[in-house]
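In what follows, a single structure is set out as structure tokens and then discussed.
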Amino acid sequence: MRRPDLCSSTPSQALGSLRTTTPACTLNIPSEANHTEQPPAGLGARLQEAGVSIAPWQGLPTWRKRWKRKPHLMAEDEPSGALLKPLIFRVDETTPAVVQSVLLERGWNKFDKQEQNTEDWNLYWRTSSFRMAEHINVKPWQQLNYHPGTTKLTRKDCLAKHLKHMRRMYGTSLYQFIPLTFVMPNDYTKFVAEYFQERQMLGTKRSYWICKPADLSRGRGILIFSDFKDFIFDDMYIVQKYISNTLLIGRYKCDLRIYVCVTGFKPLTIYVYQEGLVRFATEKFDLSNLQNNYAHLTNSSINKSGASYEKIKEVIGRGCKWTLSRFFSYLRSWDVDDLLLWKKIHHMVILTILAIAPSVPFAANCFELFGFDILIDDNLKPWLLEVNYSPALTLDCSTDVLVKRKLVHDIIDLIYLNGLRNEGREASNATHGNSNDAAKSDRGGLDAHDCLPYDSLSFTSRMYNEDDSVVEKAVSVHPEVAPASQLEGEMSGQDFRLSTREMPQSKPKLQSRHTPHKTLMPYASLFQSHSCKKKTSPRVLSDHGKAPDPQAGNFVLVFPFNEATLGASRNGLNVKRIIQELQKLMNKQHS
Ligand code: ADP
């Protein structure tokens, strides 16, 4: 999506601007003005003549007849007095500051209950979920930043139960990405049996377990133990196999924070963000001291208060975070197949969300950002640790600024794209101005708006055959990137196991698996925004057009991933069919 041209002079440009209006079009609206939920018939009809439909939620709760200063944004042939007005966001004291600043930067206004009617807002973003009544009463022009009923995913005990159920239904091999988990107190005897059986098998070797409160976050209340006598738990705890063969970088443990946005459960639509965070422990990994949280927990809330946080640490440097793209490029420098890892993460995300999707009640006009915490072991196998509700958007360091500001921008682009898509034709072609360039460059680093490397991902049967994945297509459109098929060939039969738990400190003398010119880049959009000149608007389909948009900023559609899964997610979710399709894809990709 492009920035709008503020001086839009055609109706369609005006609508385009509405999507990302800037403060220049702010109007002072008299409070006594009449409120209607639709634009005046004159402009509405003209917009439609121009091939543009107006999304009902899109933010015209009020059309005003008077204004105090001449607006910059007005359809040129509109009867004087009809105006477009900036979108309005609503917050509470818990709303992250970065959300507010990004929305203001995009030209949104903050809801003020003294000045505005209670329903005059377009987006309500807060860090606590909404009551069902709030979902039911949402207006067509409004969006809420949570779906109802998703705690099934974000409470550790519920997640474990749902994934266990899926494992029973669809086989252990698909759902082997969650560490063996016992929910206390119900599974206590099962855990004790497992513990002692394993002890017997291992002989003198130790086994490791982690005990976590089911509904706490930020590493609070966590205990790691090896000896049964150290095991203490309360109600609402889970005990989980501790992944002790974790991938180490510079001898530090790390995990990945992957951002996932579900723009709808009915039909199910899942996007994965191509940038993210890698969170490091700030003291060296050491299994002989399980009490040292700075060595075993990667939560930044813990590590930022550690003595080593500011120190320049071996390989990882200062602080406790990398961007995901830095991590993947680090892996590539060791000749690791990062694309395969990335695909596995996509599959894990889909399989996890499928576990709860059928039971999420329908609610219109909402989306939700989840934070998937994923640990990689020294076999390069990803493990799901938990799914975070309302992942932290605080800006603690420059890496946070780089990732999270753009993340919020891209979420806004994504929900707009989806809203417009539902309503009709090529509205997104409306305007391609760049009046907001300054804001854009301030978003931190790489900006995929300038380049849509996933253009060819447009979801059509013509190009999207049943076995293709989004990532494969993404890769194949870049000359710099190895075609997936070639990659599959190159990778087939390889043993991904790293010989040591730790990445070696000096570059290993491995035979290169692909030439430098064919570097694998699952994050193509992040790296090529400046070199790629091709500009194509995102596809916007009609209601009959079925397919969700393939990309918004760094969000890439991972579900539905082909025509079959698209069909299986409409008119009720056919989980069995979807799992079959996913299985086929995984067999192909992982073979
Ligand atoms: P919280 O919600 O408190 O952050 P997590 O499940 O994310 O709980 O665990 C916190 C940290 O503990 C993780 O970021 C990771 O570093 C570590 N951890 C959690 N579970 C495991 C596990 N099964 N194996 C290894 N490390 C783990």
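Between Glu386 and Asp373, the built amide H atoms are under 5 Å apart, and every one of these is 5 or more places off in sequence or on another chain. Estimated from the Cβ-Cβ distance and a Förster radius of 22 angstrom, the FRET efficiency linking Thr172 and Arg206 is about 0.30. Between the amide H of Leu277 and those of Arg257, Leu324, distances stay under 5 Å, these residues lying 5 or more places away or on another chain, with hydrogens modeled in the peptide plane. Under 16 Å from a label point set 7 Å out along the Cα-to-Cβ vector of Gln100, the amide N atoms of segment 380-408 belong to 393-395.
Solvent-free Debye calculation, one equal scatterer per alpha-carbon of segment 332-377: log10 I(q)/I(0) at 0.21 Å⁻¹ equals -0.87. Using the structure shown, list the pairs from Lys253/Lys304; Lys113/Lys139; Lys161/Lys212; Lys164/Lys343; Lys205/Lys229; Lys85/Lys266 with a Cα-Cα distance above 20 Å, or answer none. Cα-Cα > 20 Å for Lys164/Lys343; Lys85/Lys266; rest within.
Summarising the amide proton neighbourhood of Arg251: residues at separation of 5 or more, or on other chains, whose placed amide H is nearer than 5 Å comprise Met503. Compared with the direct C-alpha span, the chain from Asp227 to Ser305 gains 25.2 nm at full extension, assuming 0.36 nm per residue. In order along segment 91-97, phi translates into HN-Hα couplings of 9, 10, 5, 9, 5, x, 4 Hz, rounded to whole numbers, per the Karplus curve 6.51 cos²θ - 1.76 cosθ + 1.60 with θ = phi - 60° and x for Gly and Pro. Backbone geometry of segment 268-282 corresponds, through the Karplus equation with coefficients 6.51, -1.76 and 1.60 at θ = phi - 60°, to 3J(HN,Hα) couplings of 5, 9, 10, 10, 10, 7, 7, 10, x, 10, 10, 10, 9, 6, 9 Hz, x marking Gly and Pro.
Using alpha carbons only, the radius of gyration of segment 302-383 set against its Kirkwood radius gives Rg/Rh = 1.08. Sequentially through segment 118-127, phi angles give Karplus couplings (6.51, -1.76, 1.60; θ = phi - 60°) of 4, 9, 7, 8, 10, 9, 10, 10, 9, 9 Hz, Gly and Pro residues having no value and appearing as x. Over segment 231-373, the alpha carbon radius of gyration divided by the compact-protein estimate 2.2 N^0.38 Å works out to 1.21.
Rounded to the nearest whole angstrom, the semi-axes of the ellipsoid equivalent to segment 230-300, taken from the Cα gyration tensor as √(5λ), stand at 30, 19, 9, largest first. Residue ranges 574-584, 112-122, 139-149 sort as 139-149, 574-584, 112-122 when ordered by packing (mean number of other C-beta atoms within 10 Å per residue, highest first). With bins 10 Å wide starting at 0, give me the P(r) of segment 139-286 over every alpha carbon pair, in whole percents. Using 10 Å bins, I get a P(r) of 9, 30, 36, 18, 5, 1, 0 for segment 139-286. For segment 167-271, relative contact order (Cα pairs under 8 Å, six or more residues apart, normalised by length) works out to 26 percent. Take each peptide in 362-368, 219-225, count the other Cβ atoms within 10 Å of every residue, and average; sorted highest first, the result is 362-368, 219-225. Normalising the average separation of contacting C-alpha pairs (under 8 angstrom, six or more residues apart) by the number of residues puts the relative contact order of segment 360-406 at 28 percent. Put a dot 7 Å past the Cα of Glu134, heading toward its Cβ, do the same for Asn379, and the two dots end up 4.3 nm apart.
We did not get these values from a lab; they are worked out from the coordinates using the rules stated. These figures come from a predicted structure and were not determined experimentally. Virtual Cβ from ideal backbone geometry, glycine too; neighbours counted across all protein chains shown.
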